[in-house]
Amino acid sequence: MSIEETSGAVQQERVLLSYLTPEEKHHLVGSFVIENFWDAFIEDNADPINRFRQLAKESIPGFIDAYQDVWDYVVDVNKLDDQFVGESLKKNAVPGELSPEELKLGNKLLGLSLYSELEKDCLMALNKTILGELAGDMKVQYELSDDEYQLLMTPSFETFFTKYHFDHFEYAANDDPESKQIQRDALIRNFHANDAALFELRYAEMHFPAGDDMSAMLSMQKAALANRAEKKVAFIAGREDFVAFEKLLEYDNFLDFKYRYNLEACPEYYLRKMLFAECQEAGIFVDVDRPLSLQDAEFVAGVNELIALREEKYVIKLGRGSDSNEHALLEGMDETPIEGSKETILEHIKQGSPCVARTSRQVNANSTPAPTDMTIVGYEKGVLLAATENGEITPIDDVQLDEFDEFVAFHKYNRVMLGNINQSVDAFIKRKPYLDRTSYEHAF
């Protein structure tokens with residue numbers, strides 16, 4: 001994927017970004033570029049990094065294909081996280097409402113996201129080392145002079161931070177309101193995850209020369225880049241190994257940062273935040289102050305513990321915290337007739353779909369009055385639970401259930417959409433991993 005193609009790939013608006021404050025998004029990228037993080041990461045992950053090193057020794061083109069495949073995987077998993085988190089946020093206005101089905105899907109997504117993050121980080125940690133080793137080998141093989149070696153190591157394109165700085169520099173120097181707005185929109189799309197508030201935070205921290213120096217520096221930068229690109233293209237022409245080396249430079253100096261600044265590099269963070277809050281609500285991780293302080297396997301195990309608790313007991317909150325409308329959650333939800341068996345009702349409750357029991361029986365002077373509608377909202381140890389008019393939760397036995405002859409479920413989600421997410425998750429799980437995935441598979 002070229003730089004131009006990547007620019008289009010990261011411009012899509014992502015609902016899940018609304019789950020983070022601009023300050024949180026700003027902090028995320030800041031945490032990515034701390035160099036001592038990589039020292040600890042390389043030490044802790046020497047074995048998986050060496051697996052990728054072996055792939056690079058066997059074939060640099062194969063290593064490059066794996067690099068892009070891993071980034072595509074990260075971005076695609078991030079899109080699934082987006083669908084799941086975005087839809088859950090629209091349907092859940094208060095904590096503690098994720099159903100067992102949602103939690104199981106979220107846990108599978110978390111396992112995928114954490115594993116895709118491992119693959120990506122291993123490649124990013126290794127790439128600079130691979131570049132140094134390859135450059136040393138090429139210098140000896142082709143008897144490169146010091147100037148040729150320096151040209152080999154110099155990208156033919158703008159590095160990410162050069163482009164980032166000068167594109168914002170050019171925007172700052174622009175005095176024309178109409179074209180300046182067009183530039184601002186492009187900057188937000190290309191560098192700031194399509195988030196105007198994030199752009200404003202980052203832009204406020206940038207500093208530029210004043211006055212006429214700005215235009216002069218822009219002209220010098222563009223001229224130097226054009227001259228460098230012309231020399232480099234001529235230098236690598238017809239040499240497949242040099243062309244492959246240039247592609248690795250592109251990842252190291254542009255593409256990795258491009259993805260990271262557009263928040264494509266941290267798919268698990270959004271799920272961590274949501275699931276961490278759910279766990280703490282249930283008494284899990286109560287002594288932990290932030291989700292990122294937990295090890296991957298420890299976090300997934302905590303979510304599995306929460307799933308076990310919700311399989312035992314789960315109650316759907318209908319009122320969204322409102323005393324004036326206890327059944328506000330039912331408004332706007334799709335209503336579908338269902339069978340009135342206990343098993344069917346339990347299945348829908350576990351999906352997060354409350355059920356209403358009704359009767360078609362007519363009331364007359366010689367018959368027992370027909371029961372009023374009953375809203376079934378949960379279960380505990382296999383016993384169904386209903387919400388009373390005053391907001392209390394009461395158990396329902398089989399005799400009470402038999403009094404009703406019509407049952408409907410109010411679906412929390414578009415079932416087709418949720419089914420598509422599940423199918424995509426299962427397809428990604430089947431993808432052949434590059435590294436050992438054992439510690440993540442108990443989420444699948």
Taking into account only those residues within the range 397-427 that are farther than 13 Å from Leu105 by Cα and in contact with a Leu (Cβ under 8 Å, 6 or more places away or on another chain), which is surrounded by the fewest Cβ atoms within 10 Å (Cβ to Cβ)? Leu401
Might you check whether a residue that is surrounded by 12 or more Cβ atoms within 10 Å (Cβ to Cβ), at pLDDT below 75 and more than 30 Å from Tyr203 (Cβ to Cβ) occurs anywhere in the range 82-89? yes
Tell me yes or no: at least one residue of the range 36-49 is assigned to a loop (DSSP other than H, G, I, E, B), at pLDDT 85 or above, touching a strand residue (DSSP E or B) at 6+ places or on another chain (Cβ under 8 Å) and not basic (Lys, Arg). no
Under 8 Å between Cβ atoms, at least 6 apart or on separate chains: pull out the pairs that start in the range 34-48 with a residue that is outside the structural domain of Met124 (by TED's automatic domain parsing) and on the phi > 0 side of the Ramachandran plot and end on any residue that is at pLDDT below 85 and surrounded by fewer than 10 Cβ atoms within 10 Å (Cβ to Cβ). none
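If you check Phe242 against the conditions, is it among the hydrophobic types (A, V, I, L, M, F, W, C), surrounded by 20 or more Cβ atoms within 10 Å (Cβ to Cβ) and either on the phi < 0 side of the Ramachandran plot or under 24 Å from the mean Cα position of the chain (by Cα) (or both)?
The answer is no for Phe242.
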Residue list for the range 393-412, filter: within 15 Å of Thr372 (Cβ to Cβ) and of a type in the set (Asp, Glu): Glu403, Asp405, Glu406
Hey, among the residues in the range 265-289 that are surrounded by fewer than 21 Cβ atoms within 10 Å (Cβ to Cβ) and assigned to a loop (DSSP other than H, G, I, E, B), which one's modelled with the lowest pLDDT? Asp289
Answer yes if at least one residue in the range 92-103 is at pLDDT 65 or above, aliphatic (A, V, I, L, M), under 24 Å from Ser439 (Cα atoms) and in contact with a Phe, Trp or Tyr (Cβ under 8 Å, 6 or more places away or on another chain), and no otherwise. no
Any hit, the range 166-187, residues being touching an Asp or Glu at 6+ places or on another chain (Cβ under 7 Å) and under 19 Å from Asp256 (Cα atoms): yes
The range 180-202, residues that are under 27 Å from Glu23 (Cβ atoms) and over 24 Å from the mean Cα position of the chain (by Cα): Lys180, Gln181, Gln183, Arg184
Residues of the range 187-203 being closer than 16 Å to Glu24 by Cα and among the aliphatic types (A, V, I, L, M), which ones? Ala193, Ala196, Ala197, Leu198, Leu201
Just to verify a result, which residue in the range 203-221, among those that are under 35 Å from the mean Cα position of the chain (by Cα) and of a type outside the set (A, V, I, L, M, F, W, C), is surrounded by the most Cβ atoms within 10 Å (Cβ to Cβ)? Tyr203
Return the total of residues in the range 95-126 being more than 20 Å from the chain's Cα centre (by Cα), surrounded by fewer than 21 Cβ atoms within 10 Å (Cβ to Cβ) and assigned to a helix (DSSP H, G or I). 2
Inside the range 50-81, can you point out the residues that are buried (at least 17 other Cβ atoms within 10 Å of the Cβ) and not in a helix (DSSP H, G or I)? none
So which helices (runs of 4 or more DSSP H) are wholly in the range 130-234 and hold at least 3 residues that are farther than 30 Å from Asn50 by Cα and in contact with a His (Cβ under 7 Å, 6 or more places away or on another chain)? 196-204
Step by step: first the residues of the range 290-334, then only those that are in a helix (DSSP H, G or I) and modelled with pLDDT under 85, then the one that is farthest from Val416 (Cα to Cα). Which residue is that? Ser293
Here are the criteria: (1) free of Cβ contacts under 8 Å to residues at least 60 places away in the same chain; (2) under 27 Å from Leu98 (Cβ atoms); (3) of a type in the set (D, E, K, R). Tell me which single one Glu441 does not satisfy. (1)
Based on this model, can you work out whether Pro337 counts as loosely packed, with under 11 Cβ neighbours inside 10 Å and modelled with pLDDT under 90? no
Go through the range 163-179 residue by residue and tally those that are within 18 Å of Leu218 (Cα to Cα) and either at pLDDT 95 or above or more than 31 Å from the chain's Cα centre (by Cα) (or both). 7
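The values are calculated or read from the model by the stated rules, or taken from the named source; none is laboratory data. As the structure is a computational prediction, the values presented were derived from the model and not from experiment. Positions of Cβ are backbone-derived with ideal geometry, glycine not excepted, and every protein chain shown enters the neighbour counts.
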